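First the structure, in the form of C-alpha cells, and then the observations on it.
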Amino acid sequence: MSEDSKLKGGDVANTDIYNVEAAEILANEALLLPLYEAVPIYEQLLSTFPTSAKFWKQYVEAYMAINNDEATKQTFSRCLLNCLQISLWRCYIRFIRKVNDKKGSEGLEETRKAFDFMLSYVGSDISAGPVWMEYITFLKSMPVVTAQEESQRMISVRKIFQKAIVTPTHHIEQLWKDYENFENSINRALAKGLLSEYQPKYNSARAVYRERKKYIDEIDWNMLAVPPNGSFKEEQQCIAWKRLLAFEKANPQRIDSASSNRRITFTYEQCIMFMYHYPDIWYDYAAWLSKNTSLDSAAKVFQRALKALPDSAPLKYAYAELEESRGAIQPAKKIYESLIDNNASVTSLAHIQFIKFLRRTEGIEVARKYFLDAQKLSNCTYHVFVAYAMMAFCLDKDVKLAHNVFEAGLKKFMNEPGYILEYADFLCRLNDDRNVRALFERALSLLPPENSEEVWKQFAKFEQTYGDLASILKVEQRRKEALSGASEEDSSALESTLHDVVSRYNFMDLWPCSSKELDHLARQEWLARTIDKKAEKSFLLNGTNASDKVSKGQVSKVYSQSAKIIYPDTSRMVIYDPRQTSELPTFSNSIGSGNYKRADDILKSVSPALATFITNLPAVEGPYPDVDVVLSILLQYSTPAGTTGKTYSNQQAVASAVPSTSDLSGSSKTRLNPNGSSRRYPREGHSAIRKDIDRQEDDEVTTVQSRPLPRDLFRLRQIQKSRGATASQTGSAASAGSAFSGDQSISTD
C-alpha cells in the first residue's frame, strides 16, 4: 500500500472516527504491517467499532498466525459474546481444535465443550448449518472402545441431529437427509418411528426458514455500526431489523417459550452489533427482557447501553426507573446524580426528576431540602420552581407552600412569560381571580410587547371565563393596542373584526360558524395584516421622508403588489409518505375534493391542445392541493384595475415587432441567438434610447394588464385572435413573418 493511501486513511480517521472508508483503509493497512505495528491500528478500530466481527476476526487471526495462543484467548474473550457472527465463532472453533489437537481424550472433551458452547450462542443463526455438520462429524470421529461408549456416542449424535433439523438454517434439507441415513444405518424399525415423529417438526422448520430468509436477505451483514445520521440506507436497515424481530417474536414455528426466548435474544444481540448507537433498539431489548425473562438481564442490557451511549439521558431515566421498580434505590439514586453531574444541557430537568425521586423514596423533607439547595444554583430555571410548587400543591396538598414557592420564583422570573402563565393557572385553580388579574397587570407592565403575546391571549381567555362583557372588551382592546403598536390616528388596526367575535364566542371545540367560514375569516385577517406590514416596509425603504413623497398611485401599487403574493397555508400541509402512494386519488376518478368526474368527460369539454397537454402530464405522488380551496381563493381575488408605467396599443406592439423598410433592405444585420431564434440587433443610433426605455420599464412596478404585449410572433397572433384583431393587424403580422423568412410569407389562417 502506498504512503498516500496510508496518510489518507489516518488523516480521515482522526477527523471523523466513524468514517467507514477510512476504517477499511486502516484495516487493509494493518494486514500488511508486522503485528507489533498493527496492534495500535486494531485497537483504534475496535474502540470505535467494538461490535465489528470482521475487524475482530482479522485481529485474532493475526495473533493465530504467529501462534500467540495466550493473546488469542484474551482477544476471543473480549469479543465472542458481543459479536454473534458465524465467521468469528468458526474461527474460534478452529483455534480450539488446533490447541487441543495433541491433548488426546482430554483435548477431545475440551473441543466438544467448545462446540456446545458455540451452538448455545449461535446455533440458531440461519448460517449455522455447517457448524452443526462439523459438530456431528466431530462426534462420529471420536474414538470408542466399549459397546457402551459406542451407544453413548450414537445417542449424542442423534441428539445433535434432532436439534439441527428443527433449526431454520440454509442447510436444513441436507441435515434432514443426513439424519435419515444415520437412523436407517442403525436400526430401520426404530428409524421409522423417529423419522415419523420428527417429520412434522422438520417441515415446520423448513417453512419458517423460507419466511425467515426473506427478512434476513434485507439486512446488510457487512455494515459497520455508526451513529444514526438519517441516511436512507440506515433507516432501511433499522426497519429491516425491526421486521425480523417482530417475525421472531411472533414465534411462527410454535416452539416452546424457552427456545423462542433464546432465539429472540440471539436476534436482538445480532441487531445490536449493527444498531449499536440506536438508543431505541437498546431500550426495546431491555424492555422485552424485563417482561419475558428477568429484571437482572434487563439491568445488564441497560448497563451495556449506557457504556455504548453514555450521554443518552432517556436511557438513564429508563434504567433508573427499572432499578427503582425492583427496589434498588441506591443504584437508581446514583443514576440520577450522574445525570445532574454530567449533563449540563438538561440540568433543570434532572433536578426536577431527582426531586420527584427523592420525594417518592426518601420523603417530603429530603425533597424540600434538595429544592432549597438547587434553587440557589445559577443554572436553575423557572421550571424547577413550577415543578416543586405543583408537587407541593398536588401531592402534599400544601396550598400555602405552593403559593410561597411561586411568589419566591416571581422575584427571579418576572420576565418569563411561561412562569407567569403557570402561576396564573395555579391561582385559577384556587379561584383567586383577584390575584390573577393583579398578576397579569403586573407582568404585562414589565414584559416587552414581543414577549407578551401569549400572556395577553391567556388574559383575554381568563376574562372570558371570570369577567363580564365590559372587562372582556376592554382587555381585547388593550391587547390590540399593545401588540399592534398602532397610534391613535391609525384606528384601522384597532377596529374590532368578526374574527374577534368568533374568538370570544367559541368554547373548546365548539365554534359559532362553520370551518369554511372560520378559514375565510382567518385568511382575511391575515391578508389585512400582511398588506399593512408590506406597505409599511415599502415606505420605510424609500427614506425617512417617504410619507411626503408617496402619492396615492404609489400606495395603490404597493397594495396591489402585496395582494398578488399568495403564501401557502402551512397548517394545512400534509407530510409526504411514499408508502401511501397507492391511496392517493388519481386523475381518472377524482378532481379536487368531492368533485368526481370521468377523465374522458373532462377531456371532451376542453380544447384538443389542452386535452393533449393534460394527458401528457406526469403522475403526481405526494401532497396535492385542494382544488376547491384554490378556486375559492382565485374567485375572491380581485384583479387590480388601472395601469402604471407606459402602455402600448396593439398596433404599437405589432409595429415594434415588425422591422422597417430599411431593416429589410439590410441596414441592420440579423443574428442567430444561442437558442436558435433570430434577433435583429439595434443600430448604434437607437441603442441609448432603447437602454433608457428598458431601464425605465425595469424600475416601474407594473401589473399583468399594464405590461407591453409580447414580441414573440406566435404569442402575438394568439392575442390578436382572442381580441378579434382587425384585418390590417393580420396583414402586419403576415409582413412580420416575411421579415423573418425572407421571400416566404406566413399565413395567419
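With the convex hull drawn around the C-alpha atoms of the stretch 48-96, the volume per residue stands at 67 Å³. Extending 7 Å from Cα along the Cβ direction at I633 and again at R243 yields two label points whose distance is 3.8 nm. Taking a sphere under 10 Å around the Cβ of L483 and counting the other residues whose Cβ falls inside, with K and R at +1 and D and E at -1, yields a net charge of +1. With the biggest extent put first, the Cα atoms of the stretch 253-308 measure 34, 23, 13 Å across the principal axes.
For D425, D101, the ranking by accessible surface with the largest value first comes to D101, D425, using a 1.4 Å probe.
Centre-to-centre separation between the Cα atoms of the stretch 181-204 and those of the stretch 413-448: 82 Å. Net length available on complete extension from N68 to L473 is 137.0 nm, with 0.36 nm assigned per residue and the Cα-Cα distance removed.
Where does the Debye-calculated log10 I(q)/I(0) of the stretch 114-245 sit at q = 0.09, 0.10, 0.14, 0.16 Å⁻¹, using only Cα point scatterers of equal weight, no solvent? Once normalised to I(0) and log-transformed, intensities are -0.36, -0.44, -0.72, -0.87.
Quick one: net charge around F182, please, counting Lys, Arg +1 and Asp, Glu -1 for every other residue with C-beta under 13 Å from its C-beta. My count for the surroundings of F182 gives +3.
The loop-placed GluC sites (Glu not before Pro) in the stretch 185-277, going by DSSP, that have at most 14 neighbouring Cβ atoms within 10 Å of their Cβ come out as E218.
Restricting to Cα atoms and excluding each atom paired with itself, what does the Kirkwood estimate give for the stretch 271-383 in Å?
Its Kirkwood hydrodynamic radius stands at 14.9 Å.
Over all other residues within a Cβ to Cβ distance under 14 Å of Y505, the charged ones net out to -3, with Lys and Arg as +1 and Asp and Glu as -1. Computed over the stretch 365-460, the P(r) tail beyond 21 angstrom holds 32 percent of alpha carbon pairs. Using the Karplus relation 6.51 cos²θ - 1.76 cosθ + 1.60 with θ = phi - 60°, the per-residue 3J(HN,Hα) values for the stretch 514-527 come to 6, 5, 5, 5, 5, 4, 5, 5, 5, 5, 5, 5, 5, 5 Hz, with x marking Gly and Pro.
To put it simply, the accessible area of the stretch 157-197 at a 1.4 Å probe is 48 percent carbon and sulfur. Taking 10 °C and 1.306 mPa s as conditions, the stretch 1-153 diffuses translationally at an estimated 91 µm²/s according to Stokes-Einstein applied to its Kirkwood radius (Cα pairs).
Each residue of the stretch 411-418 was assigned a 3J(HN,Hα) from its phi angle through the Karplus curve 6.51 cos²θ - 1.76 cosθ + 1.60 (θ = phi - 60°); the sequence is 5, 9, 10, 5, 8, 9, x, x Hz, with glycine and proline shown as x.
Multiplying the residue separation of S120 and D311 by 0.36 nm and subtracting their alpha-carbon distance yields 65.4 nm. With a Förster radius of 60 Å applied to the C-beta separation of L295 and S378, the computed FRET efficiency comes to 0.95. FRET efficiency for the pair R188 and V144, taken as 1/(1 + (r/R0)^6) with r the Cβ-Cβ distance and R0 = 25 Å, rounds to 0.65.
With viscosity set to 1.306 mPa s and temperature to 10 °C, compute the Stokes-Einstein D of the stretch 190-340, Rh being the Kirkwood radius across alpha carbon pairs; µm²/s, no decimals. Rounded to a whole number, D works out at 91 µm²/s.
On the stretch 398-490, 47 percent of the accessible area sits on carbon and sulfur atoms, based on a 1.4 Å probe. Accessible surface for the stretch 50-145, divided over its residues, is 46 Å² per residue with a 1.4 Å probe.
The values are calculated or read from the model by the stated rules, or taken from the named source; none is laboratory data. What you are looking at is a predicted structure, and each value in this text was computed from that prediction instead of being measured. Note that each Cβ is placed from the backbone with ideal geometry, even for glycine, and that neighbours are counted across all protein chains shown. For the accessible areas, the whole protein counts, side chains as well, though only heavy atoms, and no ligand, DNA or RNA atoms are used. Shrake-Rupley method; radii C 1.70, N 1.55, O 1.52, S 1.80 Å.
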